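K.L.:
Supplied in structure tokens, the structure appears directly below.
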Ligand code: AMP
Ligand code: MG
């Protein structure tokens with residue numbers, strides 16, 4: 001398929017497409033589904049859509065690309081980021097990668113509905129790859145249609161930006177555009193198909209390379225392409241490591257282990273569950289990538305997964321994300337082993353991952369509680385008792401930590417009055433038995449002594465805690481409310497949420513309704529507590 005209309009430039013966008021220039025391309029130029037050998041990507045054009053309409057644009061991402069507000073409202077912008085017109089310098093392609101899905105090797109996957117448009121180098125010299133998600137079939141679409149619906153696109157768009165503003169490493173989202181076409185979906189794979197509005201998100205990241213990008217070559221014994229992609233990745237995305245060599249490959253893997261550990265610790269801090277941590281959904285840069293059936297913890301339950309496809313094994317449950325990340329890193333280690341040819345240092349890096357994760361988690365918990373630093377002698381017990389208390393009754397994690405900052409510990413108030421700010425965090429007040437309250441108050445006493453040890457004032461403590469414990473997260477039901485309205489043609493809530501989620505740690509008077517716990521109607525509504533991979 002070719003792009004018919006003549007493109008007019010968005011002048012600020014300067015493309016320099018290193019990926020397609022330096023890496024091997026699929027020689028086949030026809031767009032049909034196939035196994036693609038000895039290639040990192042296939043050139044493919046986005047499929048033009050009927051009637052593109054801008055729903056939302058993230059101004060901070062536009063700024064990264066030196067685009068103005070007016071640029072983003074222009075017709076050429078909407079045409080370019082719906083896939084209807086190529087801009088000068090764009091060289092669209094779909095990436096070839098494989099992956100382990102739910103623990104099993106799935107062979108070639110690839111960008112089945114993502115098309116990279118090219119790499120923009122901004123005025124600061126920073127490189128960003130632009131990628132459309134939902135803009136039609138590629139050689140990697142397998143049995144699917146290459147499209148995305150508004151429901152999943154709102155979720156990807158808002159969550160990417162919410163995560164960024166929370167300080168979580170993530171791919172970004174520039175724009176959300178309706179295609180003006182209807183897409184057939186079976187949301188729960190139960191035979192109930194429905195037509196839904198189609199949409200396209202433009203994602204932005206330094207690179208979209210995944211663990212699976214390396215796995216595909218080693219699974220095929222193609223060490224030449226494996227080395228080519230590894231060398232390219234190191235030179236482009238890890239230039240501080242120097243020229244590729246055995247030692248550098250190893251340092252590279254160690255860095256991937258570290259950034260992956262950091263990412264998971266952030267997820268734990270904010271209560272995020274990715275939902276589908278397959279190795280094709282793991283970024284080589286330690287970025288959160290591929291927002292599908294993700295969810296946010298409401299009541300604190302380490303066993304919770306939002307993904308109905310994973311409801312049985314719960315492989316990707318909240319409390320298992322670090323273990324899965326390590327398992328995924330182990331698969332990456334296997335994939336790059338031919339470059340290093342020594343198992344022991346790779347094994348060591350995986351062991352170090354566990355230590356790094358543990359240390360970072362401890363500091364994260366100390367930060368969440370406003371302590372100077374984690375001291376195992378006292379804080380192991382303090383944190384494990386808190387973990388237990390959070391699970392005794394249905395407790396909203398986000399509200400609990402935010403309100404904990406408001407509890408005045410150094411006070412003559414009786415215990416019921418002292419813990420009153422925490423009342424907002426409970427879903428079922430009848431669960432608050434005397435036994436529970438006395439355990440909570442005991443913990444608050446221990447917490448108070450621990451803070452006294454650190455010599456932290458109440459004001460310092462709450463200021464610190466409010467910097468790491470967000471007030472506003474993309475609660476599952478909020479995303480669903482925005483989707484419901486957007487599907488009716490009213491995009492105001494998508495834009496309002498985007499705005500509120502820009503300052504997740506600020507109080508934002510007048511926006512408190514977006515910090516409220518899940519209403520009862522959302523407890524078991526599809527999209528609010530249950531999601532599938534179908535999007
Ligand atoms: P996921 O784990 O959901 O990110 O996707 C797994 C694989 O399925 C990737 O290769 C995707 O590109 C592909 N995929 C998912 N949805 C579609 C779709 N609607 N059309 C084509 N490919 C898809
Ligand atoms: Mg994916």
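K.L.:
Evaluate the following for residue 98: is it crowded, with 24+ Cβ neighbours inside 10 Å, within 13 Å of ligand 2 (Cβ to nearest atom) and farther than 21 Å from residue 284 by Cβ?
P.N.:
no
K.L.:
Out of 183, 149, 168, which single residue is assigned by TED's automatic domain parsing to the domain that holds residue 124, more than 15 Å from ligand 2 (Cβ to nearest atom) and free of Cβ contacts under 8 Å to residues at least 40 places away in the same chain?
P.N.:
Going through 183, 149, 168 in turn, just one is assigned by TED's automatic domain parsing to the domain that holds residue 124, more than 15 Å from ligand 2 (Cβ to nearest atom) and free of Cβ contacts under 8 Å to residues at least 40 places away in the same chain: 183.
K.L.:
Tell me which residues, restricted to the range 128-151, are modelled with pLDDT of 95 or more and out of contact with any strand residue (DSSP E or B) (no Cβ under 8 Å at 6 or more places or on another chain). Step through it out loud before you land on a result.
P.N.:
Our first condition is that a residue be modelled with pLDDT of 95 or more; within the range 128-151, this holds for 128-142, 144-151.
Once the filter is applied, which keeps residues that are modelled with pLDDT of 95 or more and out of contact with any strand residue (DSSP E or B) (no Cβ under 8 Å at 6 or more places or on another chain), the range 128-151 yields 137, 141, 142, 144.
K.L.:
Tell me, which residue of the range 121-142 that is more than 22 Å from the chain's Cα centre (by Cα) and more than 8 Å from ligand 1 (Cβ to nearest atom) is farthest from residue 58 (Cα to Cα)?
P.N.:
Here the residue is 139.
K.L.:
I'd like the residue in the range 114-145 that is farther than 19 Å from residue 81 by Cβ and crowded, with 24+ Cβ neighbours inside 10 Å and, out of all such residues, is nearest to ligand 2 (Cβ to nearest atom).
P.N.:
Checked the range 114-145; the qualifying residue nearest to ligand 2 (Cβ to nearest atom) is 140.
K.L.:
Please identify the pairs in which a residue from the range 288-301 that is farther than 15 Å from residue 529 by Cα has its Cβ atom under 7 Å from the Cβ atom of a residue that is away from ligand 1 (no atom under 16 Å from the Cβ), counting only partners at least 6 apart or on another chain.
P.N.:
288/163; 288/168; 288/169; 288/263
K.L.:
Okay, next question. Could you list, in sequence order, all residues of the range 146-163 that are out of contact with any helix residue (DSSP H, G or I) (no Cβ under 7 Å at 6 or more places or on another chain) and within 21 Å of residue 486 (Cβ to Cβ)?
P.N.:
Matches in the range 146-163: 147, 148, 149, 152, 153, 156, 157, 159, 160, 162, 163.
A quick yes/no check of all residues on (1) in contact with a helix residue (DSSP H, G or I) (Cβ under 7 Å, 6 or more places away or on another chain); (2) more than 16 Å from ligand 2 (Cβ to nearest atom); (3) assigned by TED's automatic domain parsing to the domain that holds residue 172; (4) farther than 26 Å from residue 154 by Cβ:
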site: 281; (1), (2), (3), (4): no, no, no, no
site: 302; (1), (2), (3), (4): yes, yes, no, yes
site: 308; (1), (2), (3), (4): no, yes, no, no
site: 311; (1), (2), (3), (4): no, yes, no, no
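K.L.:
Just give me the residues in the range 393-423 being in contact (Cβ under 8 Å) with a residue 40 or more places away in the chain and not in a helix (DSSP H, G or I), in sequence order. Can you show your working first?
P.N.:
From the range 393-423, those in contact (Cβ under 8 Å) with a residue 40 or more places away in the chain are 393-402, 404-406, 408-410; that's our starting set.
393, 394, 395, 396, 405, 406, 408, 409, 410 - these are the residues of the range 393-423 that are in contact (Cβ under 8 Å) with a residue 40 or more places away in the chain and not in a helix (DSSP H, G or I).
K.L.:
Of the conditions (1) in contact with a strand residue (DSSP E or B) (Cβ under 6 Å, 6 or more places away or on another chain); (2) more than 12 Å from ligand 1 (Cβ to nearest atom), residue 158 satisfies every one except a single condition; which number is it?
P.N.:
(1)
K.L.:
Turning to a different aspect of this structure: Of the conditions (1) surrounded by 18 or more Cβ atoms within 10 Å (Cβ to Cβ); (2) within 16 Å of ligand 1 (Cβ to nearest atom); (3) outside any loop (DSSP other than H, G, I, E, B), residue 265 clears all except one; give me its number.
P.N.:
(2)
K.L.:
Among the residues in the range 346-355, are any in contact (Cβ under 8 Å) with a residue 12 or more places away in the chain and under 30 Å from residue 474 (Cβ atoms)?
P.N.:
Looking for residues that are in contact (Cβ under 8 Å) with a residue 12 or more places away in the chain and under 30 Å from residue 474 (Cβ atoms), one finds at least one in the range 346-355, hence yes.
K.L.:
Take the conditions farther than 24 Å from residue 291 by Cβ, touching a strand residue (DSSP E or B) at 6+ places or on another chain (Cβ under 9 Å) and either without any contact (Cβ under 8 Å) to a residue 40 or more places away in the chain or buried (at least 17 other Cβ atoms within 10 Å of the Cβ) (or both) and apply them to residue 426. Does it pass?
P.N.:
Yes.
K.L.:
I'd like the full set of residues that are within 15 Å of ligand 1 (Cβ to nearest atom), under 24 Å from residue 118 (Cβ atoms) and part of a helix (DSSP H, G or I), limited to the range 206-233.
P.N.:
Result: 211, 212, 213, 216.
K.L.:
Identify the residue in the range 359-380 that is in a helix (DSSP H, G or I) and without any contact (Cβ under 8 Å) to a residue 12 or more places away in the chain and, among all such residues, is nearest to residue 471 (Cα to Cα).
P.N.:
363
K.L.:
Just give me the residues in the range 341-355 being assigned to a helix (DSSP H, G or I) and either surrounded by fewer than 19 Cβ atoms within 10 Å (Cβ to Cβ) or at pLDDT below 95 (or both), in sequence order.
P.N.:
Within the range 341-355, 343, 344, 345, 347, 348, 350, 351, 352, 354, 355 meet the criteria.
K.L.:
Mind telling me which of the residues 328, 320, 334 ends up being within 16 Å of ligand 1 (Cβ to nearest atom), under 26 Å from residue 109 (Cα atoms) and assigned to a helix (DSSP H, G or I)? Explain how you work it out, then say what you get.
P.N.:
Working: 320 fails: within 16 Å of ligand 1 (Cβ to nearest atom); 334 fails: within 16 Å of ligand 1 (Cβ to nearest atom).
Exactly one of 328, 320, 334 is within 16 Å of ligand 1 (Cβ to nearest atom), under 26 Å from residue 109 (Cα atoms) and assigned to a helix (DSSP H, G or I), namely 328.
The values are calculated or read from the model by the stated rules, or taken from the named source; none is laboratory data. Everything numeric in this text was worked out from a predicted model, so none of it was measured. Note that each Cβ is placed from the backbone with ideal geometry, even for glycine, and that neighbours are counted across all protein chains shown.
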